[in-house]
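Asker: Sharing a structure here in structure tokens format.
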Amino acid sequence: MCGIVGYIGKRDVAPLLLEGLQRLEYRGYDSAGIVITSPKASGLKMVKAKGRVRDLEARVPKRFTGTTGIAHTRWATHGAPSDINSHPHLDPENKVAVVHNGIVDNAQELRAKLEADGVVFASETDTEVITHLIARSQATTLEEKVREALKVIEGTYGIAVMHADFNDRIVVARNGSPVVLGIGEKEMFVASDVAALIAHTRQVVTLDDGEMATLKADDFRTYTTSGASTTATPETVEWEAASYDMGGHDTYMHKEICEQPDAVDRVLRGRIDDRFSTVHLGGLNLDAREARTIRRIKILGCGTSYHAGLIGAGLIESMARIPADAEPASEFRYRNPVVDPDTLYIAVSQSGETYDVLAAVQELKRKGARVLGVVNVVGSAIAREADGGVYVHAGPEVCVVSTKCFTNTVTAFALLALHLGRIRDLSVTDGKRIIEGLRKLPAQISEILETEDEIKKIAEQYAGAQSMMFIGRVRGYPVALEASLKLKEISYIHAEAYPASELKHGPLALIEPALPTVAIVPDDDLLEKNRAALEEIKARSGRILAVAHQPQAKADHTIVVPKNEDELDPILMGIPLQLLAYHTALAMGRDIDKPRNLAKSVTVE
């Protein structure tokens, strides 16, 4: 949510910042803005616009030059999308400029105090409070001015600050919202996501919560909000700038769906141990003795990550025979849960910065729990907070909705389940069986992708639906949940998912010709039960699209997917449903990569 880009050096800053904002468009936003200066400038120059980055770019004057600047894409929280509410926010004297990701929880209280002191606010935002606090500080350095303001701020923030009287630096700070420094050659960058930096540098420093940094053209330093120096060691980002290009596809979503064979190959590469019919997951920091003491596993995630966690819980129970369940992290952290020392907690997040998941991790750590992370972004907040974990190696995912990261996350859970199972009671024979199935996945995903034209024709027939139902049993139910979410996210068709076993307990009342049902029907021990559900729907004149391993007589359409091991079938059955959602949305003319109201990385509550 929202995006920050900043630069200080010798290059013309406006084109750099606009390019960075374009690379952050996938995060979700409704307005954008830019402010610049230079060592010889007498003040700050700013341009803001409601709408897309291209709308901002159209407003930037031809003579808009400088060597230092910060820019922002805003996702509205306080105040409707507008030019005035866009970031950056300046003080009345046009000396202080602030961009901010996050939410100031005590903004109303601080606003009231400032207004009582005569401050006039230009916007409805919580961020403008920060600007006025910095501007009114009597401290002699910009760093101290920012620290004073942050002392009274409650909430989450990733901020970047410029000051006309200190135009040789940018000061940044983090608490719950990502801030990444990019180390260049006599130039420095800052952003909320490495996507904005990768075209210029692969050397980055990720700030921790409660940490600040001062960026100058030739160096940087990091310190805590109380002023104590910290040690920052740059890391090398493994992703290339080309990873963020569309690569000849019309949308990022389509590109990322098509990248899944290679992505799954990456998550498997170097981890399979044929000798012992298991896998190596070196980052777990969990030896065999410790693994055998686990009595329960709780998986926490939000949205697509939660659905991946549901499949992961099923994999762990079936292979490792450890009781496991998944829960939305956003609910877990508010219900005063019992934290059991014999429970292993697993936090799932594509970005590694999802606020609800991160807050749950921090609460669990405070209570002494052992937490593993399953994330895609190396060095992200959850990766650093967790005791260990598994990187899913999906590569950059630019489209707001997740496809390849979901598939890789579920595959990573299959690896974890196999690892734990072989430590416990899973036989060598079953270990070999699962490994053979894992190795088949990339080729089988490619086989599914080759049927895209057929899936496109089916999707076009369902694009006029007002609502759709998705059903599945046991392993198929989380697949139905994720497919339902994908469809509603990008097509805006209302969609619901139910366990197929629950049809008689209420949802059957909805069945009619106008409500299509998508049914997950794998060839497993529940095949006949699932076919009975199709009979019930067809008896009430419902239209059925089945995703199955063989054509289903009662279905109007069947998408046939290749068979793998029962445990791994959910990985494959999700792929055609991603294409179904994609082509349904395409037929309806939706903005697929940037669906309305949504953001890629949800870093606020």
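Asker: Out of E454, E489, E496, which single residue is acidic (D, E), surrounded by 14 or more Cβ atoms within 10 Å (Cβ to Cβ) and in a strand (DSSP E or B)?
Answerer: That would be E496, the only listed residue that is acidic (D, E), surrounded by 14 or more Cβ atoms within 10 Å (Cβ to Cβ) and in a strand (DSSP E or B).
Asker: Take the residues in the stretch 207-216 that are open to solvent by less than 30 Å² (accessible area, probe 1.4 Å) and in contact (Cβ under 8 Å) with a residue 60 or more places away in the chain, then tell me which one is nearest to A149 (Cα to Cα).
Answerer: The selected residue is M212.
Asker: Tell me yes or no: at least one residue of the stretch 366-381 is in contact with a Phe, Trp or Tyr (Cβ under 6 Å, 6 or more places away or on another chain), open to solvent by less than 20 Å² (accessible area, probe 1.4 Å) and not in a helix (DSSP H, G or I).
Answerer: yes
Asker: Being modelled with pLDDT under 90 and in contact with a helix residue (DSSP H, G or I) (Cβ under 9 Å, 6 or more places away or on another chain): is that true of A173 here?
Answerer: No: the conditions fail for A173.
Asker: Do any strands (runs of 3 or more DSSP E) entirely within the stretch 1-61 hold 3 or more residues that are under 18 Å from V180 (Cα atoms), and if so, which?
Answerer: On the way: elements: 3-8, 31-37, 45-50.
Passing ranges, in order: 3-8.
Asker: What are the pairs with Cβ atoms under 6 angstrom where one residue, in the stretch 1-25, is more than 22 Å from R174 (Cβ to Cβ) and the other, located anywhere, is surrounded by fewer than 24 Cβ atoms within 10 Å (Cβ to Cβ) and among the aromatic types (F, W, Y)? Sequence gap at least six, or different chains.
Answerer: Listed pairs, sorted by first residue: A14/F64.
Asker: Out of I299, I294, I257, which single residue is in contact with a helix residue (DSSP H, G or I) (Cβ under 8 Å, 6 or more places away or on another chain), open to solvent by less than 80 Å² (accessible area, probe 1.4 Å), modelled with pLDDT of 95 or more and part of a loop (DSSP other than H, G, I, E, B)?
Answerer: I294
Asker: Name the residues in the stretch 352-365 that are closer than 21 Å to I311 by Cβ, out of contact with any Lys or Arg (no Cβ under 7 Å at 6 or more places or on another chain) and open to solvent by 20 Å² or more (accessible area, probe 1.4 Å), would you?
Answerer: Within the stretch 352-365, T354 is the sole residue that qualifies.
Asker: Under 7 Å by Cβ, and 6 or more places apart or on different chains, what pairs join a residue from the stretch 72-85 that is under 16 Å from V400 (Cα atoms) with one that is of a type in the set (F, W, Y) and surrounded by 16 or more Cβ atoms within 10 Å (Cβ to Cβ)?
Answerer: Here the result reads T73/Y29; R74/Y29; W75/Y29, each pair linking the stretch 72-85 to a residue that is of a type in the set (F, W, Y) and surrounded by 16 or more Cβ atoms within 10 Å (Cβ to Cβ).
Asker: Please name all residue pairs, on different chains or six or more residues apart, with Cβ atoms under 6 Å, provided the first residue is in the stretch 437-449 and is modelled with pLDDT of 95 or more and the second residue is in a helix (DSSP H, G or I) and not hydrophobic (A, V, I, L, M, F, W, C).
Answerer: From the stretch 437-449, the pairs are P442/P261; P442/D265; I445/Q260; I445/P261; S446/P261; I448/P576.
Asker: So how many residues does the stretch 275-301 have that are in contact with a Ser or Thr (Cβ under 9 Å, 6 or more places away or on another chain), within 29 Å of R333 (Cα to Cα) and not hydrophobic (A, V, I, L, M, F, W, C)?
Answerer: Total meeting the criteria: 4.
Asker: Residues in the stretch 219-232: is at least one in a loop (DSSP other than H, G, I, E, B), open to solvent by less than 30 Å² (accessible area, probe 1.4 Å) and either out of contact with any strand residue (DSSP E or B) (no Cβ under 7 Å at 6 or more places or on another chain) or closer than 30 Å to A581 by Cβ (or both)?
Answerer: Within the stretch 219-232 (the criterion being in a loop (DSSP other than H, G, I, E, B), open to solvent by less than 30 Å² (accessible area, probe 1.4 Å) and either out of contact with any strand residue (DSSP E or B) (no Cβ under 7 Å at 6 or more places or on another chain) or closer than 30 Å to A581 by Cβ (or both)), the answer is no, since none of the residues qualifies.
Quick grid of which residues meet (1) at pLDDT below 95; (2) crowded, with 17+ Cβ neighbours inside 10 Å; (3) in a helix (DSSP H, G or I):
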{"position": "N530", "(1), (2), (3)": "yes, yes, yes"}
{"position": "A553", "(1), (2), (3)": "yes, no, no"}
{"position": "I575", "(1), (2), (3)": "no, yes, yes"}
{"position": "Q578", "(1), (2), (3)": "no, yes, yes"}
{"position": "A581", "(1), (2), (3)": "no, yes, yes"}
{"position": "T584", "(1), (2), (3)": "no, yes, yes"}
{"position": "P595", "(1), (2), (3)": "yes, yes, no"}
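Asker: Now for a separate question. Could you tell me whether the stretch 233-247 includes any residue that is among the polar types (S, T, N, Q), assigned to a helix (DSSP H, G or I) and over 25 Å from L358 (Cα atoms)?
Answerer: Filtering the stretch 233-247 down to residues among the polar types (S, T, N, Q) leaves 233, 236, 243.
Then drop every residue that is not assigned to a helix (DSSP H, G or I), which leaves 243.
From what is left, the residues that are over 25 Å from L358 (Cα atoms) are 243.
Checked the stretch 233-247: at least one residue is among the polar types (S, T, N, Q), assigned to a helix (DSSP H, G or I) and over 25 Å from L358 (Cα atoms).
Asker: Provide a single number: the residues in the stretch 298-308 that are among the small types (G, A, S) and under 19 Å from D340 (Cα atoms).
Answerer: Matching residues across the stretch 298-308 total 1.
Asker: Also, quick follow-up: Suppose we keep only residues that are of a type outside the set (D, E) and part of a helix (DSSP H, G or I) within the stretch 62-117. Which one would you say is surrounded by the fewest Cβ atoms within 10 Å (Cβ to Cβ)?
Answerer: So, considering only residues that are of a type outside the set (D, E) and part of a helix (DSSP H, G or I), the one surrounded by the fewest Cβ atoms within 10 Å (Cβ to Cβ) is A116.
The values are calculated or read from the model by the stated rules, or taken from the named source; none is laboratory data. Computed from a predicted structure; not experimentally measured. Positions of Cβ are backbone-derived with ideal geometry, glycine not excepted, and every protein chain shown enters the neighbour counts. These area figures cover heavy atoms from the full protein model, side chains too; ligands, DNA and RNA do not enter into them. Shrake-Rupley method; radii C 1.70, N 1.55, O 1.52, S 1.80 Å.
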